């Protein structure tokens, strides 16, 4: 996307703004429309405008990748949403070390008000690819969300306790979850594949 901005700054707009077709079209407009056309011509001819466009395109690129994942046809990506958003925020910090906190605050506010659901936390927690990574991210928010989902789905207290015990066995990679081959298989699976099986 930023490449298009460079093309615009490097002369394409000058060619467009001075083309016969453009000038002939502007001449046919009403006076107030000609004024608007002139303002737009000045705006898109301004290098500072394209610098700002380039900055914002680079800024939103990691977030657009998350949105594509969430908005795609394959809804099996729920368990990857936490990780994707964390990675997007880290890329923002790398690309914009001075201004990233301002953008993180906006993302976190939006996350808390609309995107964060207990089901996403449970999807993340029960995703073997995350749980069997070298450093799973099981903070209080993830664990509480997972427990809330278990509590809601359990018909009895005994079912809830059994599920929470199984959750601990899964988290600690004990019993059937300790198999090395299982861990290797999980690492080779693509996102969502483990949920389709």
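Since every read-out is calculated from the coordinates, none of them should be taken as a lab result. Fair warning: this is a prediction, and the values are worked out from it, not measured in the lab. Ideal geometry is used to build each Cβ from the backbone, glycine not excepted, and the neighbour counts take in all protein chains shown.
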Q) Can you sort 178, 160 so the residue with the fewest Cβ neighbours within 10 Å comes first? A) 178, 160
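Express in nm, to one decimal, how much length is gained between residue 42 and residue 68 on full extension, taking 0.36 nm for each residue of separation and deducting their alpha carbon distance.
6.0 nm
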Q) If you take the beta carbon distance between residue 119 and residue 55 as r and set R0 to 41 Å, what does 1/(1 + (r/R0)^6) give as a FRET efficiency, to the nearest 0.05? A) 0.70
Q.
Using Cβ counts within 10 Å as a stand-in for footprinting exposure, how do 125, 100 rank, fewest first?
A. 100, 125
Q: Report the label-to-label distance for residue 163 and residue 148 in nanometres (one decimal), using points 7 Å from each Cα along the Cα→Cβ vector.
A: 1.4
Q | For the range 100-167, the spread of Cα positions along each principal axis, largest first, Å | A | 46, 29, 15
Q: Please find the FRET efficiency linking residue 175 to residue 138, where r is the Cβ-Cβ separation and R0 is fixed at 22 Å, and quote it to the nearest 0.05.
A: 0.75
Q.
Take residue 86 and residue 106, extend 7 Å from each Cα along the Cα→Cβ direction, and tell me the distance between the two endpoints in nm.
A. 2.4
Q.
Taking 8 Å as the Cα distance limit and 6 or more residues as the minimum spacing, I'd like the relative contact order of the range 109-154 as a percentage.
A. 46
